[in-house]
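Trainee: Quick one: the structure is below, and I'll ask about it shortly.
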Amino acid sequence: MKNQVTILGGGIIGLFSAYYLQKQGFEVSILDQGDGSDGCSHGNAGMVVPSHFIPLAAPGMIEKGLRWMFDRESPFYVKPRLSLDLLRWGWAFYQAANAKQVDRAVPALRDLGLYSRQLYHDLNESLPFSFSYEEKGLLMICQKEATFDEEVEVAHRAHALGMEAQILSAEELQKREPQVEISTVGGVLYPGDAHLSPNQLVQGLQALLKEEGVQFLYQSQVVDWQRSGENITHLQVQSSKGLHWVPIDRLILAGGAWTGKLARQLGQFLPMQSGKGYSFTQAQPTNQTIGIPSILLEARVAVTPFGEKNIRFGGTMEIGEVNARIDERRVHGIWKAIQQFYPQYAIPKPRTDHVWYGLRPCAPDGMPYIGQFPSIQNLWVASGHAMMGLSLAPATGKIMADLLSGHSTPVSLDLYDPGRFA
Ligand SMILES: Cc1cc2nc3c(=O)[nH]c(=O)nc-3n(C[C@H](O)[C@H](O)[C@H](O)COP(=O)(O)OP(=O)(O)OC[C@H]3O[C@@H](n4cnc5c(N)ncnc54)[C@H](O)[C@@H]3O)c2cc1C
């Protein structure tokens, strides 16, 4: 059993880890409790966003979060509950949400984001299937002067980091989207961002990896583990075959919002909360095509056109337990924002059974966990990417392959250390 890697979790992070590990000559198995047909990596907004270099835990977020908690249609919500995990997570978030921490995080996120964006550019040329990748940039659209002022500051920060950001007046912004009326005071265009179809990407990678010999063990849930010294030797798995033990050479946790729970099962502390979000995909109204992916800033709604025909709207971050409930008031909040930002853009409110939900894996400081656990030699983690998992997936997968091969990584991993809260 040489150079064998088991990846727990077949979302986009697990898939890209498998892709690059397999290229480096590893024998790879992916183990997933689901059947690979849905999950957070499937129906997300598909944005590749090096422009998102400010972590979620930033100054002002706690104030905003508290205000939003009393609005059932708001884009961010922490469901209050008596839970030690939530308290620890909230405390770590509070400690990270300051200017000094953000100043440290910004260059690290920029480097990871730009690296991943470059890998997507290359993958678009090299992968043998289309995932509708387009480099059209990202428009940040503001309705209030105060938000516009904040966004202009972010644009200046982007310039200082060597990234392109174009500050647009309301008229200039409107010219970029000539077919739809936009109610705005101005915005910022990040020409370096891109977008793609996450559904096509996940399905394409699954098929390619199967063809190339990666083993997929679906509907297989890890329930226990065995350890010898500083190594995990076996996982006990519940599957259609019943309870059985799977031998382990090297193990990567890429279990999305469940990774904190998985780590706990393996005796590790990895604070993680699920951040539920919703999306719905519709046909674009005739002669009113939105062409550039956008974020409606005050509402935190993501708008992603898939070609000229279809469009996806996504939003809401409900921090809380893992569950499948769709909160219609928050879906209404997304739909209302679309009417407010595009007053003539007539799309019907989606039926609840047409709304998709996904659980973002959220680390408390807004930084993913990428690296090796301190106390177990053959255990790595790649998770906690929150609202940037699709964007950062190729970089994360490539870095996992580098780490397991003993190569140096092209970006510093200091701030992504999985042991930072231990
Ligand atoms: C509305 C919305 C819009 C978004 N838009 C964007 C965007 O535009 N750009 C972007 O970059 N990101 C976006 N995201 C975030 C992105 O979707 C996530 O960060 C990403 O999908 C996380 O991928 P993952 O592989 O870590 O987790 P997942 O896709 O959740 O995969 C984890 C897998 O682990 C499996 N698993 C868990 N526990 C176990 C266990 N015990 N045993 C076996 N298997 C297990 C699960 O079944 C699951 O398949 C969005 C998210 C939402 C909700």
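Trainee: When we measure straight from the Cα of K23, which aspartates and glutamates land under 17 angstrom away, once same-chain ones fewer than 8 places off are left out?
Mentor: Within reach: D122, E125, E211, E212, D402.
Trainee: Structure shown: which of K100/K261; K64/K276; K261/K349; K136/K309 lie over 27 Å apart, alpha-carbon to alpha-carbon?
Mentor: As for pairs spanning more than 27 Å Cα to Cα, those are K100/K261; K261/K349.
Trainee: So if I average 1/r over every pair of distinct C-alpha atoms in the chain and take the inverse, what Kirkwood radius in Å does that give?
Mentor: Working: mean 1/r = 0.0458 Å⁻¹.
After inverting the pairwise mean of 1/r, the radius is 21.9 Å.
Trainee: Mind running the shape call on region 346-408? Use the C-alpha gyration tensor, a ≥ b ≥ c as the square roots of the eigenvalues: rounded below 1.5 for a/c, prolate if a/b tops b/c, oblate otherwise.
Mentor: Since a/c reaches 1.5 and a/b is larger than b/c, the shape of region 346-408 is classed as prolate.
Trainee: Considering only DSSP states other than H, G, I, E and B, which chymotrypsin sites (Phe, Trp or Tyr not before Pro) in region 5-95 qualify as loop sites with at most 10 other Cβ atoms within 10 Å?
Mentor: F70
Trainee: Are there chymotrypsin sites (Phe, Trp or Tyr not before Pro) in region 126-207 that DSSP puts in a loop and that have at most 15 other Cβ atoms within 10 Å, and which ones?
Mentor: Passing both the DSSP loop test and the Cβ count: F129.
Trainee: A further question on this structure: Whole number please: convex hull volume per residue, Cα atoms of region 264-422, in Å³. Mind dumping the intermediate values first?
Mentor: Details: hull volume 22.2 nm³, N = 159.
Considering the Cα atoms of region 264-422, their hull volume per residue is 139 Å³.
Trainee: Test of understanding: given the chain, find the longest segment containing no trypsin sites (Lys or Arg not before Pro) that are in a DSSP loop and have at most 13 other Cβ atoms within 10 Å.
Mentor: It runs 145-240.
Trainee: By the gyration tensor of its Cα atoms, with a ≥ b ≥ c the square roots of the eigenvalues, what is the shape of region 115-186: rounded for a/c under 1.5, prolate for a/b over b/c, or oblate? Before the final figure, lay out each step's value.
Mentor: Numbers: a/c = 3.44, a/b = 1.61, b/c = 2.13.
Oblate is the answer for region 115-186, as a/c is 1.5 or above yet b/c matches or exceeds a/b.
Trainee: What residues from region 276-295 fall in the zone where the backbone N is under 17 Å from a label point 7 Å along the Cα-to-C-beta line of L161?
Mentor: Counting only backbone N, you get 295.
Trainee: Using only DSSP helix segments of four residues or longer, with each worth -39500 (n - 2.57), what per-residue ellipticity at 222 nm results for the chain after dividing by its residue count and rounding to 500?
Mentor: So the calculated ellipticity at 222 nm is -10500 deg cm²/dmol.
Trainee: Follow-up. How far, in nm, would the chain grow between E211 and E63 when pulled straight, counting 0.36 nm per residue and subtracting the alpha carbon separation?
Mentor: 48.3 nm
Trainee: Okay, next question. Who wins for biggest fluctuation among E318, E308, E73 in a Gaussian network model of the chain, springs between alpha carbons below 10 Å?
Mentor: In the Gaussian network model the winner is E308.
Trainee: Stretch V223-S412 to full length: gain in nm at 0.36 nm per residue minus the Cα-Cα span? Provide the component values of the computation, followed by the final result.
Mentor: Numbers: separation 189, 0.36 × 189 = 68.04 nm, distance 3.36 nm.
Separation in residues times 0.36 nm, less the Cα-Cα distance, equals 64.7 nm.
Trainee: Please give the residues of region 131-155, grouped as numeric ranges, whose backbone N is less than 19 Å from a label point set 7 Å along the Cα-to-Cβ vector of E172.
Mentor: 136-155
Trainee: Distance in nm between label sites at N287 and V154, each 7 Å beyond Cα in the beta-carbon direction?
Mentor: Modelled inter-label distance: 3.5 nm.
Trainee: Can you spot the aspartates and glutamates whose alpha carbon is less than 17 Å from K144's alpha carbon? Ignore those fewer than 8 places along the same chain.
Mentor: Excluding near neighbours in sequence, the set is E153, E171, E172, E181, E298.
Trainee: Find, among the GluC sites (Glu not before Pro) in region 207-249, those assigned to loop by DSSP (not H, G, I, E, B) with at most 11 other beta-carbon atoms within 10 angstrom.
Mentor: For GluC sites (Glu not before Pro) across region 207-249 that sit outside H, G, I, E and B with at most 11 neighbouring Cβ atoms in 10 Å, the list reads E230.
Trainee: Could I ask something else about it? Summing Lys, Arg as +1 and Asp, Glu as -1, what charge do residues with Cβ under 13 Å from the Cβ of P178 carry, P178 excluded? Show your work: numbers first, answer last.
Mentor: Values: positive: K175, R176; negative: E171, E172, E177, E181.
So the surrounding residues net to -2.
Trainee: If the chain between A146 and S132 were fully stretched, how many nm would it gain, using 0.36 nm times the residue separation less the Cα-Cα distance?
Mentor: Numbers: separation 14, 0.36 × 14 = 5.04 nm, distance 3.52 nm.
1.5 nm is the gain from fully extending A146 to S132.
Throughout, read-outs are computed from the coordinates displayed, never taken from laboratory work. This one's a predicted model, so the numbers in the text were calculated from it and none came from an experiment. Methodologically, a virtual Cβ is constructed for each residue, glycine included, from the backbone with ideal geometry; neighbour enumeration extends over all protein chains shown.
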